[in-house]
Structures are given as C-alpha cells and as structure tokens.
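*Asks:* Structure below; questions to follow.
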C-alpha cells in the first residue's frame, strides 16, 4: 500500500501542535501550575516518528510499523540524515547516542507508570521534532 506523505506530514504537525499545547503551563487556583507532561512527550515522539515516515515515503522507502526513531533515522537517505543533522546542535556519535536515548520514547512514556525511574532530555526531543517536521516540509516542497 502506498501512503501519501502530505497526509503523514500533516498528522505529524497536528501531533506536534498537540504536544506544544500539552506543555503549556496553566496556573491553577491553588497556586500550582498544570502541564500535561506525559501526553506532551508522547505526542512529540509520535510527531517525530510520523515526520520521519513522511520523508521515507517521499524517498520511496518501505515504511514499516515501527516506533523506533533510531531505526527510522537509519533508513533515511544520507542526504536526509545530513539535512536533519544540520538542524540539530549534535553531530556524529553524540547525535546517534541521543537518538538511541529517545528511540523508544513513544512506547516507554505511554507506559511510564511501569517504570521505576526514567530520564529524558525533553529539550532534545522537542528540537528533534521541529527538525524532523522541517525536513519533511523541505522534502515535500522539492517533490
């Protein structure tokens, strides 16, 4: 089955927007602040996944049902990998290590209650989401 990269990319953008809204801080009447951290993280990770799948679709590569971000990144053309790297502050092994750290965020954070402890570089995840969205947009505009 062939997928429409525009549809994939539009859904990715919608999940990124949902994530941004989840991260908004809402003051509560008791002086505390509410932010929907876990849904925001899950939506951010899913946005990255979909953006990478949109690029893979544009590149005529098989898109399998995987949530692993490092696997999807590894399937991108070297040109797309380089374009994505140029949008991020990390390069080479540092980038690969960070990608490995966030590779299964979509799965792990949906079941965060099962974990005793977990760490996450949320800033990197957010930057990766924007970079992946921008990459998909640039590839769509060329095609």
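Each value in this text was obtained by applying a stated rule to the coordinates, not by laboratory testing. The structure presented is a predicted model; accordingly, all values stated were derived computationally and were not measured. In this analysis, Cβ positions are derived from the backbone assuming ideal geometry, glycine residues included, and neighbour counts consider all displayed protein chains.
*Asks:* As I understand it, the value is the acute angle between the Cα axis of helix 37-58 and the longest principal axis of the Cα atoms of the chain; what does it come to in degrees, rounded to 10?
*Replies:* 10
*Asks:* Any chance you could check the Cα centroid distance between the range 82-113 and the range 1-74 for me, in angstrom?
*Replies:* 13
*Asks:* Separation between the residue 118 and residue 35 pseudo-spin-labels, each 7 Å from Cα along Cα→Cβ, expressed in nm?
*Replies:* With each label placed 7 Å out from Cα toward Cβ, I get 1.7 nm.
*Asks:* Which whole-number percentage describes the relative contact order of the range 5-138, with Cα contacts under 8 Å and a sequence gap of 6 or more?
*Replies:* Numbers: 155 pairs, mean separation 41.1, N = 134.
Relative contact order here is 31 percent.
*Asks:* In addition: Going by how many other Cβ atoms sit within 10 Å of their own, how do 111, 73, 3 line up, fewest first?
*Replies:* 111, 3, 73
*Asks:* Expressed in nm to one decimal, what extension gain is obtained for the pair residue 110 and residue 138 from 0.36 nm per residue of sequence separation less their Cα-Cα distance? Walk me through the intermediate numbers first.
*Replies:* Numbers: separation 28, 0.36 × 28 = 10.08 nm, distance 3.01 nm.
So the chain would gain 7.1 nm between residue 110 and residue 138.
*Asks:* Taking the beta-carbon count within 10 Å as an exposure proxy, list 15, 23 from fewest neighbours to most.
*Replies:* Going from sparsest to densest Cβ surroundings: 23, 15.
*Asks:* Based on the Cβ-Cβ distance of residue 2 and residue 86, what FRET efficiency does E = 1/(1 + (r/R0)^6) give at R0 = 35 Å, to the nearest 0.05?
*Replies:* Taking R0 as 35 Å, the efficiency between residue 2 and residue 86 is 0.75.
*Asks:* Further question: If you take the Cα atoms of the range 103-143, find Rg, then find the Kirkwood Rh from the mean of 1/r over all pairs, what is Rg/Rh? Please list the in-between numbers first.
*Replies:* Details: Rg = 14.3 Å, Rh = 12.1 Å.
Rg divided by Rh gives 1.18.
*Asks:* Taking the mean number of other Cβ atoms within 10 Å as a proxy for protection, how do you rank 26-39, 91-104 from highest to lowest?
*Replies:* On the way: 26-39: 10.1, 91-104: 14.7.
Taking the mean over residues of other Cβ atoms within 10 Å, the ranking is 91-104, 26-39.
*Asks:* Going by the alpha-carbon gyration tensor, a ≥ b ≥ c the square roots of its eigenvalues, is the range 5-138 rounded (a/c under 1.5) or, if a/c is not under 1.5, prolate (a/b greater than b/c) versus oblate? Walk me through the numbers on the way to the answer.
*Replies:* Numbers: a/c = 1.90, a/b = 1.63, b/c = 1.17.
Prolate.
*Asks:* Sticking with this structure for a sec: How tilted is helix 122-142 with respect to the longest principal axis of the chain? Cα atoms for both, answer in degrees (0 to 90, nearest 10).
*Replies:* It is inclined by approximately 30 degrees.
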